[in-house]
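Right, one structure below, let's go through it.
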Amino acid sequence: MSLILALDQGTSSSRSIVFDEQGHILASAQQEIRQHYPQPGWVEHDPWALWQTQRDTAHSALIQLRAQGRDLREVRAVGITNQRETTVLWRRDTGEPVARAIVWQDRRTEPQCAQWREAGWADTVRERTGLVIDPYFSGSKLKWLLDHIPGAREAALRGELAFGTVDTWLLWQLTGGKVHATDVSNASRTMLWNIHTQDWDDELLQRLDIPREVLPPVHPSSHPYGEVAPTVWGSHLDLPGLSALPIGGMAGDQQAALFGQAGFEAGLAKNTYGTGCFMLMHTGSTASESANGMLTTAAAQLPQQPAYALEGSVFIGGAVVQWLRDGLHAIRAASEVQSLAESVPDAGGVMFVPAFTGLGAPYWDSEARGAIVGLTRGSTVAHIARAALESIAFQSAALLQAMSRDAVATGGRPVTELRVDGGACVNNLLMQFQADLLGIPVVRPRVVETTALGAAYLAGLATGIYADTQVIARLWQAERTFYPTLSRDRADQLMDQWARAVRQACAH
């Protein structure tokens, strides 16, 4: 039996999971990540905390495996998946970050992005990268670091600095500074990568004043990236028998989740319910442009096999539950939200648009702000909690409707089922409401940790554990399917109410 260690470095936590060949979880560990908010709209992480929590959770998972009596020599590969767009810049000689990581949620570069849009760059960026000009992506964050750290751009030109998204930072640490690289899925989220030529775009680099010397080489998502020395995880006394492990897979978390959902063919869609919500629909081997506010992005790729997807991003998904807990103090723990929401039959006409950091696809309004509308004298905290949960489904439904319009416009079919994963997909109330709004089945798999599973599958393919994706597709199993119970007329009415609430949130 071959085992695979998946490293899943997310926005709010680092996780490490050991999978067997069948995709079953044998051991796992998780640690929360501290968020830094130095100014309104700024979100940062300490790069060392990202690495240390990831290293420590891997160590804990391997210790659990050993405690089960497993031979650590069974662990044959490592896969990495990561929060995308989060930007790290460090010195090549010391490995020391020059600043905190700028997180994907950070909005500090909106004034710069606005200038680029006003200068007429939007069409060029969309045509070449598949993206819109937005602070969400890494390019403007990297430019900000090079502009604001004294001597950084000059050092970058001399080849002294290394840029990376979190996958690249982890790879650097795992290999002791020997490997500086990323994969196509993470590169495609930088606003610097030409998805058609599959290379960094020299004109965009010139416009953003970013030296090519700072950028990592780009490889397929399933690729022999390097080796992890056993001492990275801890002493040999802790982990006897553990050999040097090949790193065979790397992909941004959402592309990894699509891969873990066996989304290898055009038309299959998945939605991940995490801090944000991220919906991807595979579009095959050619990049398909959206006419409905979706992004074109690289899917996780095998060698010599280009793969693309349409993506829609909801900036505030499960994070709205954290706000109920930490901001409104409506609940003491996130697990309480379902029972509070179920204590009322519906939201009582309340609509909650959680645009705390603007709105993503299909709206793309960075100036939108959160709004709770439809309050009456009879509204209670339970109605607000239910409206908060429903907001996750409303935003996701708007994404899928836009994707289906794109699919039909290019001769395809509307999406006929939605596969779901991520922490919030275990909430049955939310999943049922999602199916009701969409009018199609919502399918939850047996293994909901599909992000880590996708990274494991990519690593397994690169190291010969799996022969091909057909083997992986046969492993996917549904745990529960939620079928729509609401009439289409009622669902349409609810979506109209949601659209009105969004217009109020965008009235600036």
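The values are calculated or read from the model by the stated rules, or taken from the named source; none is laboratory data. Note that the structure is predicted; figures quoted are calculated from it, not measured. With ideal geometry, Cβ positions are generated from the backbone for all residues, glycine too; neighbour counts draw on all protein chains shown. Only protein heavy atoms, including side chains, enter the accessible area calculation; ligands, DNA and RNA are left aside. Shrake-Rupley method; radii C 1.70, N 1.55, O 1.52, S 1.80 Å.
Quick notes
- Some residue of segment 240-257 being open to solvent by 10 Å² or more (accessible area, probe 1.4 Å), within 23 Å of residue 47 (Cβ to Cβ) and of a type in the set (A, V, I, L, M, F, W, C): no
Matching residues to (1) within 27 Å of the chain's Cα centre (by Cα); (2) of a type in the set (Ser, Thr, Tyr); (3) assigned to a helix (DSSP H, G or I):
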position	(1), (2), (3)
465	yes, no, no
475	yes, no, no
480	yes, no, no
490	no, no, yes
497	no, no, yes
502	yes, no, yes
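- Filter pass, residue 390 being closer than 15 Å to residue 317 by Cβ, over 20 Å from the mean Cα position of the chain (by Cα), of a type outside the set (A, V, I, L, M, F, W, C) and not in a loop (DSSP other than H, G, I, E, B): yes
- Conditions (1) part of a loop (DSSP other than H, G, I, E, B); (2) surrounded by 21 or more Cβ atoms within 10 Å (Cβ to Cβ): number failed by residue 94: (2)
- Out of 234, 249, 241, one residue alone is modelled with pLDDT of 80 or more and either small (Gly, Ala, Ser) or not in a loop (DSSP other than H, G, I, E, B) (or both). It is 249.
- Some residue of segment 464-482 being open to solvent by 50 Å² or more (accessible area, probe 1.4 Å) and of a type in the set (Ser, Thr, Tyr): no
- Leading residue by the ranking (nearest to the chain's Cα centre (by Cα)) among those in segment 117-136 that are buried (at least 20 other Cβ atoms within 10 Å of the Cβ) and part of a helix (DSSP H, G or I): 129
- Close pairs (6 angstrom Cβ cut-off, 6 or more residues apart or separate chains): in contact (Cβ under 8 Å) with a residue 60 or more places away in the chain in segment 138-154, open to solvent by less than 10 Å² (accessible area, probe 1.4 Å) and small (Gly, Ala, Ser) anywhere: 146/152
- Listed by first and then second residue, the pairs with beta-carbon distance under 8 Å, at least 6 apart or on different chains, first residue in segment 178-203 and in contact (Cβ under 8 Å) with a residue 24 or more places away in the chain and assigned to a strand (DSSP E or B), second of a type in the set (Ser, Thr, Tyr) and buried (at least 24 other Cβ atoms within 10 Å of the Cβ), are 182/165; 182/168; 183/221; 193/129; 194/129.
- Members of segment 263-281 found to be surrounded by fewer than 24 Cβ atoms within 10 Å (Cβ to Cβ) and either without any contact (Cβ under 8 Å) to a residue 60 or more places away in the chain or under 21 Å from residue 466 (Cβ atoms) (or both), listed by number: 264, 265, 268
Quick grid of which residues meet (1) free of Cβ contacts under 8 Å to residues at least 40 places away in the same chain; (2) in contact with a helix residue (DSSP H, G or I) (Cβ under 6 Å, 6 or more places away or on another chain); (3) more than 19 Å from residue 458 (Cβ to Cβ):
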position	(1), (2), (3)
6	no, yes, no
19	no, yes, no
42	no, no, yes
48	no, no, yes
75	no, no, no
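- Residue check, residue 336 closer than 16 Å to residue 393 by Cβ, of a type in the set (Asp, Glu) and open to solvent by 40 Å² or more (accessible area, probe 1.4 Å): no
- Within segment 309-329, none of the residues are open to solvent by 40 Å² or more (accessible area, probe 1.4 Å), under 24 Å from residue 411 (Cβ atoms) and touching a residue at least 24 places away in the same chain (Cβ under 8 Å).
Condition check ((1) closer than 17 Å to residue 269 by Cβ; (2) open to solvent by 30 Å² or more (accessible area, probe 1.4 Å); (3) of a type in the set (Ser, Thr, Tyr)) across all residues:
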site: 345; (1), (2), (3): no, yes, no
site: 351; (1), (2), (3): no, no, no
site: 356; (1), (2), (3): no, yes, no
site: 359; (1), (2), (3): no, no, no
site: 366; (1), (2), (3): no, no, yes
site: 378; (1), (2), (3): no, yes, no
site: 381; (1), (2), (3): no, yes, no
site: 396; (1), (2), (3): yes, no, yes
site: 408; (1), (2), (3): yes, yes, no
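- Any pair with Cβ under 6 angstrom, 6 or more apart, that starts in segment 209-220 at a residue that is closer than 19 Å to residue 299 by Cβ and open to solvent by 50 Å² or more (accessible area, probe 1.4 Å) and ends at one that is modelled with pLDDT of 95 or more and assigned to a loop (DSSP other than H, G, I, E, B): 219/181
- Filtered residues of segment 161-181 (kept if open to solvent by less than 10 Å² (accessible area, probe 1.4 Å) and small (Gly, Ala, Ser)): 162, 164, 181
- Any hit, segment 31-38, residues being at pLDDT 90 or above, over 30 Å from residue 355 (Cβ atoms) and open to solvent by 10 Å² or more (accessible area, probe 1.4 Å): no
- Total residues in segment 244-256, condition in contact with an Asp or Glu (Cβ under 8 Å, 6 or more places away or on another chain) and within 14 Å of residue 313 (Cα to Cα): 3
- If you go through segment 44-77 and keep only what is open to solvent by less than 10 Å² (accessible area, probe 1.4 Å) and either within 19 Å of the chain's Cα centre (by Cα) or of a type in the set (Ser, Thr, Tyr) (or both), you end up with 45, 47, 50, 54, 57.
- If the condition is being touching a Ser or Thr at 6+ places or on another chain (Cβ under 6 Å) and in a loop (DSSP other than H, G, I, E, B), then segment 316-347 contributes only 318.
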